[in-house]
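Worksheet: the structure to be examined is printed underneath.
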Amino acid sequence: MSIYIDPAVGASLRGFEVPEKLGFGTVMAPVMFRAVYQDGCWSRGELVPYAPLALDPAAKVLHYAQSCFEGMKAYRTEGGGIALFRPERNAVRMAHSAERLCMPPVPESLFMDGVRTVTAYCANLVPAASGESLYLRPFLIGTQADLSVSASTSYEYIVIASPSEAYHAGNMRLWVEREDARAAVGGTGDAKVGGNYAASLLSIARLKKRGYDQSLWLNPGNRKTVDELSGMNFFAVMDGELHTPALNGSILEGVTRDTLIDLARDLGYAVHERAIDIDDLLELVRSGTCNEAFACGTAAIISPISVFGDGDGQYELAQAPGPVAERLRAALLDIQEGRVDDRFGWMQSVEPVSLKD
Ligand code: COI
């Protein structure tokens, strides 16, 4: 199906200036993609000026949280081109999240139409500085106006974009969250749904008052092993080897996590996907066996961890950022920003659309 381009898109893009200071996710591109699902069918996609959504106050998403999303990036590459990083992984993961919430998965071709069209029209907005990118946020919401607890019969798939710096650049202080649990195995732990992020906010608000940046979530079943952060996966370096929690149903299968495992093995590091007991980890930090830890994600890239706070205890990492995190970050950005050959076939180039006056 061809994509409808609203005639007002050109004026919206031409009238838009990218501010000098970007931050993360605060500057919105002036266009967005949308497609509507109704009576079992998807409409054709349209590129329209960025604008507030018209939602009925009884829309299912507002009451029963039928909402899932993805985070992905378009990069300006060394040769001047624009490319997406492993977008098919996001399409598959969003379909998984949608199914968990009883929503119709966005067909991969429509998912890709959305991200590729927004990227092509916003090519001029993709920042050039290393570590910056056009952050893309595809999402799916249930729109039917009906307060019964049942799956919506109508949906919208929308893609917005934001020229951004990395999320959480710099060292992070983590608080070991022993009080609250976030998302369980058999629940929505391995789905990228808005509710998981809402459930992490109270913990973050509490730990900020104690001088920390992010929660380190423990497995909600055993309250003993490390799961992830709110929006990032976790890695620790012990005796020069990498350890990351195994996918266990309450951890999101991060695209960056998966990529770093491949890159690290390619660089000769041993990588262990396993259950990491939090008390063992803190002891290994104290003894110096674990001298480095970092979090990773599409938005964050790689964020070094400088300290774990747990009750009255503080466990400082010897190196933040450490050499392993720095080497992996450089290797990842070298591929994403086109400085080295894409040996893994991870990049998909996008042809920019040039706007006529
Ligand atoms: C991403 O890394 O793209 C995410 O969706 C995490 C979000 C909390 C910024």
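Might you report the magnitude of the Cβ-based charge dipole of segment 172-320 about its Cα centre, with Lys and Arg at +1 and Asp and Glu at -1, to the nearest 20 debye? Show your work: numbers first, answer last.
Values: 14 positive and 22 negative charges, 117 e Å.
For this selection, approximately 560 debye.
Can you tell me the length gained on complete extension of the stretch ALA120 to VAL271, counting 0.36 nm per residue apart and subtracting the Cα distance? The partial results should precede the final answer.
On the way: separation 151, 0.36 × 151 = 54.36 nm, distance 3.67 nm.
So the chain would gain 50.7 nm between ALA120 and VAL271.
In degrees, nearest 10, range 0 to 90: what is the angle between the Cα axis of helix 87-100 and the longest Cα principal axis of the chain?
For helix 87-100, the angle is close to 90 degrees.
If I fit a long axis through the Cα atoms of helix 255-266 and take the longest principal axis of the Cα atoms of the chain, what angle between them do I get, 0 to 90°, rounded to 10?
That helix lies at roughly 50 degrees to the long axis.
Using unit Cβ charges (K, R positive; D, E negative) and no other charged atoms, how large, in debye to the nearest 20, is the dipole of segment 4-166 about its Cα centre? Numbers along the way, then the final one.
Values: 13 positive and 16 negative charges, 48 e Å.
Taking the Cα centre of segment 4-166 as origin, the dipole is about 240 debye.
Quick check on packing: order 173-179, 349-355 by the mean number of other C-beta atoms within 10 Å, highest mean leading. Can you show the working numbers first?
Details: 173-179: 19.3, 349-355: 15.1.
Top of the packing list down: 173-179, 349-355.
Tally Lys/Arg at +1 and Asp/Glu at -1 over every other residue whose Cβ is under 15 Å from the Cβ of GLU78; what's the total? Walk me through the numbers on the way to the answer.
Working: positive: ARG76, ARG339; negative: GLU132, ASP334, GLU337, ASP341, ASP342.
Value of the local net charge: -3.
Measuring from centroid to centroid over Cα atoms, what is the spacing of segment 284-304 and segment 13-92 in Å?
Cα centroid to Cα centroid, the span is 30 Å.
Mind counting lysine pairs for me in the chain? Cα separation below 25 Å, and the two need to be 8 or more apart along the chain or on different chains.
Numbers: LYS21/LYS73; LYS21/LYS208; LYS60/LYS192; LYS73/LYS192; LYS192/LYS208; LYS192/LYS224; LYS208/LYS224; LYS209/LYS224.
Number of lysine pairs found: 8.
Taking 1 over the mean of 1/r across every pair of different Cα atoms in segment 1-69, what Kirkwood radius in Å do you get?
Values: mean 1/r = 0.0682 Å⁻¹.
Taking every pair of different Cα atoms in segment 1-69, averaging 1/r and inverting gives 14.7 Å.
Where does each of 46-53, 333-340, 218-225 land if you order them by average Cβ count within 10 Å, highest first?
On the way: 46-53: 14.2, 333-340: 18.2, 218-225: 16.8.
Peptide ranking by packing, descending: 333-340, 218-225, 46-53.
Spelling out what I want: for every residue of segment 212-219, take phi, set θ = phi - 60°, compute 6.51 cos²θ - 1.76 cosθ + 1.60 (Karplus), and round to whole Hz; glycine and proline get x.
Residue by residue, segment 212-219 yields 10, 9, 8, 8, 9, 7, 9, 4 Hz.
Going by average Cβ neighbours within 10 Å, how do the peptides 100-110, 33-43, 80-90, 293-303 rank, with the highest at the top? Walk me through the numbers before you get to the answer.
Values: 100-110: 18.2, 33-43: 15.4, 80-90: 19.8, 293-303: 25.3.
My ranking of the peptides, most packed first, is 293-303, 80-90, 100-110, 33-43.
Would you mind checking the tilt of helix 323-336 against the longest principal axis of the Cα atoms of the chain, expressed as 0 to 90 degrees and rounded to 10?
Once rounded, one gets 20 degrees.
Under unit Cβ charges (Lys, Arg +1; Asp, Glu -1), what dipole magnitude, rounded to 20 debye, does the chain have relative to its Cα centre?
Values: 32 positive and 45 negative charges, 110 e Å.
The dipole of the chain has a size of about 520 debye.
Please tell me the relative contact order of the chain in percent, rounded to the nearest whole number, where contacts are Cα pairs under 8 Å and at least six residues apart. Mind dumping the intermediate values first?
On the way: 769 pairs, mean separation 67.4, N = 357.
This gives 19 percent for the chain.
Positive end of the dipole of the chain, charges at C-beta (+1 Lys, Arg; -1 Asp, Glu), about the Cα centre: which of TRP346, GLY45, TYR212 has its Cα farthest in that direction?
Of the candidates, GLY45 comes out farthest on the positive side.
Rank VAL285, PHE85, VAL126 by how far each Cα sits towards the positive end of the charge dipole of the chain (+1 on Lys, Arg Cβ; -1 on Asp, Glu Cβ) and give me just the farthest.
Final value for the positive-end residue is VAL126.
Can you work out the FRET efficiency for the pair THR153 and SER287, with r the C-beta to C-beta distance and R0 = 45 Å, to the nearest 0.05? Kindly include the intermediate steps, with their values, before the conclusion.
On the way: r = 57 Å, r/R0 = 1.28.
Efficiency for this residue pair is about 0.20.
Residue farthest toward the positive end of the dipole of segment 172-320, with Cβ of Lys/Arg at +1 and Asp/Glu at -1: which of ILE276, GLY195, ILE251?
Going by the Cα projections, it comes out as GLY195.
Run the numbers on segment 172-320 and let me know its relative contact order in percent, using alpha-carbon pairs under 8 Å that are six or more apart. Intermediate results must be reported in sequence, preceding the final value.
Numbers: 295 pairs, mean separation 39.0, N = 149.
In percent, rounded to a whole number, it is 26.
Between ARG206 and ARG178, what is 0.36 nm times their sequence separation minus the Cα-Cα distance? Round to one decimal in nm.
Values: separation 28, 0.36 × 28 = 10.08 nm, distance 1.24 nm.
Gain in length upon complete extension: 8.8 nm.
Please compute the volume of the convex hull spanned by the alpha-carbon atoms of the chain and report it per residue in Å³.
Working: hull volume 49.3 nm³, N = 357.
So the per-residue Cα hull volume is 138 Å³.
Values in this text are rule-based calculations from the coordinates and carry no lab data. None of the values given here were measured: they were computed from a predicted structure. In this analysis, Cβ positions are derived from the backbone assuming ideal geometry, glycine residues included, and neighbour counts consider all displayed protein chains.
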